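Just below is one structure, and these are the notes that go with it.
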Amino acid sequence: MKPAPFDYMRPRDTSEAIAALAQGGGEAKLIAGGQSLGPMLNLRLARPKLLIDISGLEALRTMDEESEAWRLGAAVTHARIEDRRHDFRGCPLLPTVARDIAFRSVRNRGTVGGSMAHADPAADWPLALAALGATLLLQGPGGDRQIPADDFMAAAFTTALRDDEMIAAVRVPKFSPSARFGYFKFCRKVGEFPEASGAAVFDPETRIARVFVGALSGAPASLPGLARDVAERGSPAVTAEAVLAAVTAAAPTLSIIEQRMHAETVRRALRQILPT
Amino acid sequence: MGREDGVGGHVLRKEDDRFLRGRGSYVSDMVLPGQSEVAFLRSPVAHGYLRSIRKPAGSDGTIFTYEDLTGLNSIVSECAVPGFKMSELPPLARGKVRFVGEALAMTVAPTRAAAEDLAEQVEIDIDELPAIVDARASRATPAVRVHEDWDDNLFVTLNYENGFEAQARGAKVVVKRTVSLARQTMSPLEGKAVVAYWDDRADQLIVYTSTQVPHMIRIGLAEALGLDEGRLRVVSPDVGGGFGYKCVLQPEELCVAWLALTYRRPFRYIEDRREHLVVGAVARQHHYELTAYADETGRLLALDAEIMVDGGAYSSWPFTAGLEPGQAVGNLPGPYDFRGYRCKSMCAATNKPGFLPYRGVARTGVCLALELMIDAIAREVGREPWEVRHDNLVAQAQMPYDNVARKHYDSGDYQKCLRMARDKIDLDTWRARQRRGEPDGRRIGIGFASFCEQTAHGASVLASWGLPVIPGYDEASVRITPDGGAEVRVGVHSHGQGMETTLAQVANEILGIGLDKIRVIHGDTGATPFSTGTYASRSIVMAGGAVINACRLLVPRVEAIGAHLMQCATATVRYEDGRIVGPQSSTTLKEVAYAWHRRPDRLPPDCDLGGLEATVSYKPKVDTGVFSYASHAAVVAVDLELGHIEILDYVIAEDCGTMVNPMVVEGQTLGGVAQGIGTALYEESPYDENGQPLASTLADYLLPGAGEVPSVRIEHLQTPSPYSEFGIKGVGEGGAIAPPAVLFNAVNDALHDLGVEMSETPLTPHRLLAALERARSRTARTEPA
Ligand SMILES: Cc1cc2nc3c(=O)[nH]c(=O)nc-3n(C[C@H](O)[C@H](O)[C@H](O)COP(=O)(O)OP(=O)(O)OC[C@H]3O[C@@H](n4cnc5c(N)ncnc54)[C@H](O)[C@@H]3O)c2cc1C
């Protein structure tokens, strides 16, 4: 279980990283925390000729508060978010999610950008950032572009990212002080990827209402009908039947047992924000 | 016993200083000049004819297949049980592959990565055959055979009957159940690891291997290599967990030893985690069909069982594929007093890695099977499960007790032990809380399980099996050093059992030498006397007994020299706490040691020429085993929506005879419980219908971690065995035996009124929810709309 031979470089800045990526022509790969790519290399499932290590690039490691959003560099680690180096005003869900990813040694190295790019269906950031309505900032030889987190992941381990592009940052919008956030995942053991996960974000001031279910066979799925219903009617809308119906419609290929498990997970996320 | 650091002492483990500081020394820590790393190319298919293996040009001396291994024999383990079919495990595949992960070729390079690169260049051509994945189905399809020279797929079928018909006849209560355990790994932190080199000065092949049984490995390797045993030295350094995975001869040991013998330089192989999860999926997979016959109070009258062990492709050396089904038949009746038993126990060959004896050998399965039956009987007769269990346990007054499977239970109070567990878990309080219901909707369940465990059984039990090596006498050698310390040499191996401390404690009990001056030397055939090794919870009884007797042999010699030094008659002195006490004066062991080694002029003219060193062999007076026993009790909360099980409390009442060190007993027990929780709730090596393993990384193979293992509260009873030195019994395995039984009983206690009874390991959320779903649709069908 050792990787096939590869070359390794530490670019000086993002433009050098992007140039190397473009030059690699599909045989080069970025590495950030290596917490997902490392195992893939060791199992020889990933066999890049060149690894471009972006974990040290200052431009990707900053966390900035903007007036309407928090901007997280792609190479910011889960641990730095967990440790609340900032107050994450308007975005309290960020450290809550970060804290429960894997265990500390993984969080010390694993990054937001790596998690989004790796696109594990059960991962936390693809679910949380979609529910938060975040935007990914991508950089490539052809320039920069932006894409909503909800549209970024196409399927399991498949994203909208082109071979020569990298994630530079994610921009997470701030919510009003009356916004409520729910996040629940069911893991068989501490630090394990979840069997099922659910996220809910409601902001009465901006009338944002989002409910997502995660740990499916593909990308997290939005449950807009349920979200609307809950926003309008509150707790009475969160019946086991209603949630199950919404999850079943969004993930029809799951077994009934999995649908129930996912529905319950979503219900518990909702219960965190609704009066019982 | 009398001494603070002797038998019974709460003493911190001597070895922990190096382990806790990360200074243990494992095979992986060894780097020898010019050492090459070895990798194995392993079969990607479960069953097929090996048509060809093509090596790239110029790979001589770096890539090896079976044909290259001149002079290396296969692993064949004889067994005298009638009808037993032997298998031949070649060190690298020959003609046929029989499981995914079987070694096809071996590559050698300066680094492991380069050796793996080489392995990728080998082209293999295998004609696939249908794979036998299900042990029970293998009986139905004898056309496909794992070993073609057999006429079916059964290694062995054992039939046992004792009083069955007479006892079962007329029973008021008859309960039938099916119980299954998944295949799993043992997952020691350190997998297989071996480094071998040729020592010209010693004219010996030196093999460092991570093993529990260095002396047996020397026998096995010598036979496989055709080498005199004197030209082979096997050393087992620190070992990061054995659990039975390392008590057998491994093909990788053969291959690496052959390389070193052939090329006369160092070679090393380290199993990685992925190899372990594939090649090491070798344990626990049993299937039971059971019928219990009881009276209307739940008194067990007779038990009828059919047991199928999924044996994998190859029989191990020296324990064979017969061990597991044999232990299953013998241990199924458990700690209970009943007189009718019929059991058919089989071991099938399947296209999976060969079964190995895992901590608690067969007992974890039989305990689960029988304890589920006891609870099922209790529900059938409407009584508390612990009560029915209690009424069926062998009573103290019956000891020693010869049970229905002709096991001889030496001593103990099984019923008191169960009552201690009941009181410690506080059953009544939990029952009340259970009736009230939980505010969060979870369901509470309380479970019990009792077992007794044959430990340190010897030749009289195992000789009739006709295995290649039968355990008999264990040897120990004790030597007083010139400064009055002691060196204790034993042929067993300590790899987590704390024997560098406990064997020092038994020596201290007799000789009174401080623990810091007693050095326990083990794990090296070049430095220790013979033992078959550490397995079957035998070492503290066997090696401990030998150490005690060696120490005792030294006492009169020390007294004689001491008396002479004090100018008094030998008969007037006595040995006490490291001192020789005479009528007027006393002297010390240190003075005696000084005289013996450095001032022979002071010695008595007729002194014992055995000197201050003694090697002694030992086995207990009765060697059918000394039986430890325990009752476990647990409380769980079951989340009916998510299928999650939380362990709220877990207690153990146990009796392993006289405890040499209560802290070591508890450590052994806790480690076993963690593994038992793994068996119960997490660990599973599933296969698809083609025999492809589906859990080959730790992302798919779940092991319990710190978050999943509750704090376990342990209570002790100490009933000395009449047969062993100081009444010591073995305790290395017990912790791993009862957790599946107790947790399944607890979950079933929570759910039985919903029509759910779980009986298949591991108890995953998916299995639990599926059972709830089935129960729901059953009631929906039977209830009028
Ligand atoms: C034991 C364990 C448990 C885990 N449990 C969880 C969990 O519960 N929840 C969870 O969400 N995650 C979990 N993870 C995954 C962890 O969060 C990883 O950190 C994350 O998935 C990948 O981040 P990374 O920085 O390590 O990426 P890497 O492994 O370095 O890279 C992963 C992929 O992303 C690409 N990539 C990296 N950075 C960029 C970029 N800026 N732009 C474009 N592509 C990029 C790489 O090329 C690669 O393809 C777990 C990991 C482990 C080892």
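The values are calculated or read from the model by the stated rules, or taken from the named source; none is laboratory data. On a predicted model such as this, the values are computed, not experimentally measured, just so you know. With ideal geometry, Cβ positions are generated from the backbone for all residues, glycine too; neighbour counts draw on all protein chains shown. Note: areas computed on protein heavy atoms with side chains; ligands, DNA, RNA excluded. Shrake-Rupley method; radii C 1.70, N 1.55, O 1.52, S 1.80 Å.
Which residues, counting only those in the stretch A:153-179, are within 21 Å of A:Val213 (Cα to Cα) and of a type in the set (Gly, Ala, Ser)?
Of everything in the stretch A:153-179, those that are within 21 Å of A:Val213 (Cα to Cα) and of a type in the set (Gly, Ala, Ser) turn out to be A:Ala154, A:Ala155, A:Ala156, A:Ala160, A:Ala179.
For residues in the stretch B:639-684 being within 14 Å of chain A (Cβ to nearest Cβ) and part of a strand (DSSP E or B), which is farthest from B:Asp440 (Cα to Cα)?
If we filter the stretch B:639-684 for residues that are within 14 Å of chain A (Cβ to nearest Cβ), which is where we start, we get B:639-647, B:674, B:677-678, B:680-684.
This time we only want the ones that are part of a strand (DSSP E or B), so: B:645-647.
On the way: B:Ile645: 14, B:Glu646: 13, B:Ile647: 16 Å.
Out of the qualifying residues, it is B:Ile647.
Among the residues of the stretch B:3-31 satisfying the criterion of being out of contact with any strand residue (DSSP E or B) (no Cβ under 6 Å at 6 or more places or on another chain) and under 30 Å from B:Ala109 (Cα atoms), which is most open to solvent (accessible area, probe 1.4 Å)?
Filtering first and then ranking leaves B:Arg23.
Answer yes or no as to whether B:Glu102 is among the acidic types (Asp, Glu) and under 28 Å from the mean Cα position of the chain (by Cα).
On the way: among the acidic types (Asp, Glu): yes; under 28 Å from the mean Cα position of the chain (by Cα): yes.
In short, yes.
Could you pull out the residue among B:Gly544, B:Gly496 that is surrounded by 20 or more Cβ atoms within 10 Å (Cβ to Cβ) and at pLDDT below 95? Spell out how you get there, then give the answer.
Values: B:Gly544 fails: at pLDDT below 95.
Testing whether each residue is surrounded by 20 or more Cβ atoms within 10 Å (Cβ to Cβ) and at pLDDT below 95 leaves just B:Gly496.
Any residue at all in the stretch A:12-21 that is in contact with a Pro (Cβ under 8 Å, 6 or more places away or on another chain) and either modelled with pLDDT under 95 or away from the ligand (no atom under 13 Å from the Cβ) (or both)?
Looking for residues that are in contact with a Pro (Cβ under 8 Å, 6 or more places away or on another chain) and either modelled with pLDDT under 95 or away from the ligand (no atom under 13 Å from the Cβ) (or both), one finds at least one in the stretch A:12-21, hence yes.
Scanning for something surrounded by 19 or more Cβ atoms within 10 Å (Cβ to Cβ), within 14 Å of another protein chain (Cβ to nearest Cβ) and among the polar types (S, T, N, Q), does the stretch B:99-109 turn up at least one residue? Before you say what the answer is, go through the steps one by one.
Just the residues of the stretch B:99-109 that are surrounded by 19 or more Cβ atoms within 10 Å (Cβ to Cβ), to begin with: B:99-108.
Applying the additional criterion that residues be within 14 Å of another protein chain (Cβ to nearest Cβ) yields B:101, B:107.
Now restrict to residues that are among the polar types (S, T, N, Q): B:107.
Yes; the residues of the stretch B:99-109 include at least one that is surrounded by 19 or more Cβ atoms within 10 Å (Cβ to Cβ), within 14 Å of another protein chain (Cβ to nearest Cβ) and among the polar types (S, T, N, Q).
Residue by residue through the stretch A:186-216, note down the ones that are in contact with a Cys (Cβ under 8 Å, 6 or more places away or on another chain) and open to solvent by 40 Å² or more (accessible area, probe 1.4 Å).
At the first step, the residues of the stretch A:186-216 found to be in contact with a Cys (Cβ under 8 Å, 6 or more places away or on another chain) are A:193-195.
Matches in the stretch A:186-216: A:Phe193, A:Glu195.
Testing B:Arg183 on (1) within 14 Å of chain A (Cβ to nearest Cβ); (2) surrounded by 17 or more Cβ atoms within 10 Å (Cβ to Cβ), one condition comes back false. Which one is that?
Answer for B:Arg183: the failing condition is (1).
Since A:Ala169 meets every condition but one in (1) under 15 Å from the mean Cα position of the chain (by Cα); (2) away from the ligand (no atom under 11 Å from the Cβ), which condition does it not meet?
Of the numbered conditions (1) under 15 Å from the mean Cα position of the chain (by Cα); (2) away from the ligand (no atom under 11 Å from the Cβ), the odd one out for A:Ala169 is (2).
Please enumerate the residues belonging to the stretch B:704-732 that are more than 15 Å from B:Glu666 (Cβ to Cβ) and of a type in the set (Ser, Thr, Tyr).
B:Thr719, B:Ser721, B:Tyr723, B:Ser724
Taking interchain pairs and intrachain pairs at least six residues apart, which have beta carbon atoms under 7 angstrom, with the first residue in the stretch B:1-22 and in contact (Cβ under 8 Å) with a residue 12 or more places away in the chain and the second open to solvent by 70 Å² or more (accessible area, probe 1.4 Å) and among the hydrophobic types (A, V, I, L, M, F, W, C)?
Between residues of the stretch B:1-22 that are in contact (Cβ under 8 Å) with a residue 12 or more places away in the chain and residues that are open to solvent by 70 Å² or more (accessible area, probe 1.4 Å) and among the hydrophobic types (A, V, I, L, M, F, W, C), the close pairs are B:Val7/B:Met1; B:Gly8/B:Met1; B:His10/B:Met663.
Would you mind telling me which numbered condition in (1) within 14 Å of chain A (Cβ to nearest Cβ); (2) open to solvent by less than 10 Å² (accessible area, probe 1.4 Å); (3) under 25 Å from B:Pro762 (Cβ atoms) B:Tyr269 fails?
(3) is the only condition that B:Tyr269 fails.
Which of the residues spanning the stretch A:175-209 are of a type in the set (A, V, I, L, M, F, W, C), in contact (Cβ under 8 Å) with a residue 24 or more places away in the chain and within 14 Å of chain B (Cβ to nearest Cβ)? Can you show your working first?
From the stretch A:175-209, those of a type in the set (A, V, I, L, M, F, W, C) are A:175, A:179, A:181, A:184, A:186-187, A:190, A:193, A:196, A:199-202, A:208-209; that's our starting set.
Then drop every residue that is not in contact (Cβ under 8 Å) with a residue 24 or more places away in the chain, which leaves A:175, A:179, A:181, A:184, A:186, A:190, A:193, A:196, A:199-202, A:208.
Result: A:Phe184, A:Phe186, A:Val190, A:Phe193, A:Ala196.
In the stretch B:476-493, which residues are open to solvent by 30 Å² or more (accessible area, probe 1.4 Å) and more than 26 Å from B:Met216 (Cβ to Cβ)? Steps first, please.
Step one: of the stretch B:476-493, the residues open to solvent by 30 Å² or more (accessible area, probe 1.4 Å) are B:479, B:482-483, B:487, B:489.
Scanning the stretch B:476-493 gives B:Pro482, B:Asp483.
(1) within 30 Å of B:Gln505 (Cβ to Cβ); (2) within 14 Å of chain A (Cβ to nearest Cβ): which one isn't true of B:Ser696, the others all being true?
That leaves (1) as the condition not met.
Count, please, the residues in the stretch B:325-365 that happen to be hydrophobic (A, V, I, L, M, F, W, C) and open to solvent by 10 Å² or more (accessible area, probe 1.4 Å). Explain how you work it out, then say what you get.
Residues of the stretch B:325-365 hydrophobic (A, V, I, L, M, F, W, C): B:328-329, B:332, B:338, B:343, B:346-349, B:355-356, B:361-362.
Next, from what is left, pick out any that are open to solvent by 10 Å² or more (accessible area, probe 1.4 Å): B:329, B:355-356, B:361.
Adding up the residues that qualify gives 4.
Filter the stretch B:699-718 down to the residues that are within 14 Å of another protein chain (Cβ to nearest Cβ) and out of contact with any Lys or Arg (no Cβ under 8 Å at 6 or more places or on another chain), then identify the one that is least open to solvent (accessible area, probe 1.4 Å). Spell out how you get there, then give the answer.
From the stretch B:699-718, those within 14 Å of another protein chain (Cβ to nearest Cβ) are B:699-710; that's our starting set.
Those still in the list that are out of contact with any Lys or Arg (no Cβ under 8 Å at 6 or more places or on another chain) too: B:699-701, B:703, B:706, B:709-710.
Details: B:Ala699: 71, B:Asp700: 93, B:Tyr701: 2, B:Leu703: 45, B:Ala706: 100, B:Val709: 44, B:Pro710: 29 Å².
Among those residues, the one meeting the criterion is B:Tyr701.
For the stretch B:570-588, indicate whether the set of residues that are open to solvent by 30 Å² or more (accessible area, probe 1.4 Å), under 15 Å from B:Leu511 (Cβ atoms) and in contact with a Leu (Cβ under 6 Å, 6 or more places away or on another chain) is non-empty.
So in the stretch B:570-588, the residues open to solvent by 30 Å² or more (accessible area, probe 1.4 Å) come out as B:570-572, B:574-577, B:579, B:583-586, B:588.
With the extra rule that they be under 15 Å from B:Leu511 (Cβ atoms), the set shrinks to B:574-577, B:579, B:588.
The next check asks that each one be in contact with a Leu (Cβ under 6 Å, 6 or more places away or on another chain); those that pass are none.
No: zero hits.
From (1) of a type outside the set (Lys, Arg); (2) assigned to a helix (DSSP H, G or I); (3) within 8 Å of the ligand (Cβ to nearest atom), pick out the condition that doesn't hold for A:Asp151.
(3) is the only condition that A:Asp151 fails.
How many residues, within the stretch A:86-117, are of a type in the set (D, E, K, R) and within 19 Å of A:Ser176 (Cβ to Cβ)? Even if it seems obvious, please write down each step before you answer.
In the first step, residues of the stretch A:86-117 are kept if they are of a type in the set (D, E, K, R); the result is A:87, A:89, A:99-100, A:104, A:107, A:109.
Add one more test, that the residue is within 19 Å of A:Ser176 (Cβ to Cβ), and what stays is A:87, A:89.
Residues in the stretch A:86-117 being of a type in the set (D, E, K, R) and within 19 Å of A:Ser176 (Cβ to Cβ): 2 in total.
Take residues that are at pLDDT 95 or above and within 14 Å of another protein chain (Cβ to nearest Cβ) and tell me which of the helices (runs of 4 or more DSSP H) falling wholly in the stretch A:210-276 contain 1 or more.
Numbers: elements: A:224-233, A:240-250, A:256-271.
It comes to A:240-250, A:256-271.
Taking B:Ile124 and the conditions (1) open to solvent by less than 30 Å² (accessible area, probe 1.4 Å); (2) β-branched (Val, Ile, Thr); (3) not in a loop (DSSP other than H, G, I, E, B), which numbered condition does it fall short on, given that it satisfies the others?
(1)
Name the pairs: first residue in the stretch A:25-50 and acidic (Asp, Glu), second residue within 12 Å of the ligand (Cβ to nearest atom), Cβ to Cβ under 7 Å, at least 6 apart or on different chains?
As it stands, the answer is A:Glu27/A:Pro48; A:Glu27/A:Leu50, since those pairs meet every condition given.
Would you say B:Ile647 is of a type in the set (Val, Ile, Thr) and more than 22 Å from the chain's Cα centre (by Cα)? Give the derivation first.
On the way: of a type in the set (Val, Ile, Thr): yes; more than 22 Å from the chain's Cα centre (by Cα): yes.
The answer is yes for B:Ile647.
Give me a count of the residues in the stretch B:369-400 that are open to solvent by 10 Å² or more (accessible area, probe 1.4 Å) and not in a helix (DSSP H, G or I).
So the answer is 6.
Quick one: is B:Pro130 over 22 Å from B:Val282 (Cα atoms) and either of a type outside the set (Phe, Trp, Tyr) or in a helix (DSSP H, G or I) (or both)?
Values: over 22 Å from B:Val282 (Cα atoms): no; either of a type outside the set (Phe, Trp, Tyr) or in a helix (DSSP H, G or I) (or both): yes.
So B:Pro130 fails the test.
What single numbered condition from (1) surrounded by fewer than 18 Cβ atoms within 10 Å (Cβ to Cβ); (2) touching a residue at least 40 places away in the same chain (Cβ under 8 Å); (3) in a helix (DSSP H, G or I) fails to hold for B:Leu751?
With (1) surrounded by fewer than 18 Cβ atoms within 10 Å (Cβ to Cβ); (2) touching a residue at least 40 places away in the same chain (Cβ under 8 Å); (3) in a helix (DSSP H, G or I) applied to B:Leu751, the lone miss is (1).
Of the residues A:Asp120, A:Asp144, only one is open to solvent by 10 Å² or more (accessible area, probe 1.4 Å), more than 14 Å from chain B (Cβ to nearest Cβ) and either more than 9 Å from the ligand (Cβ to nearest atom) or outside any helix (DSSP H, G or I) (or both); which?
On the way: A:Asp120 fails: more than 14 Å from chain B (Cβ to nearest Cβ).
Residue meeting the stated conditions: A:Asp144.
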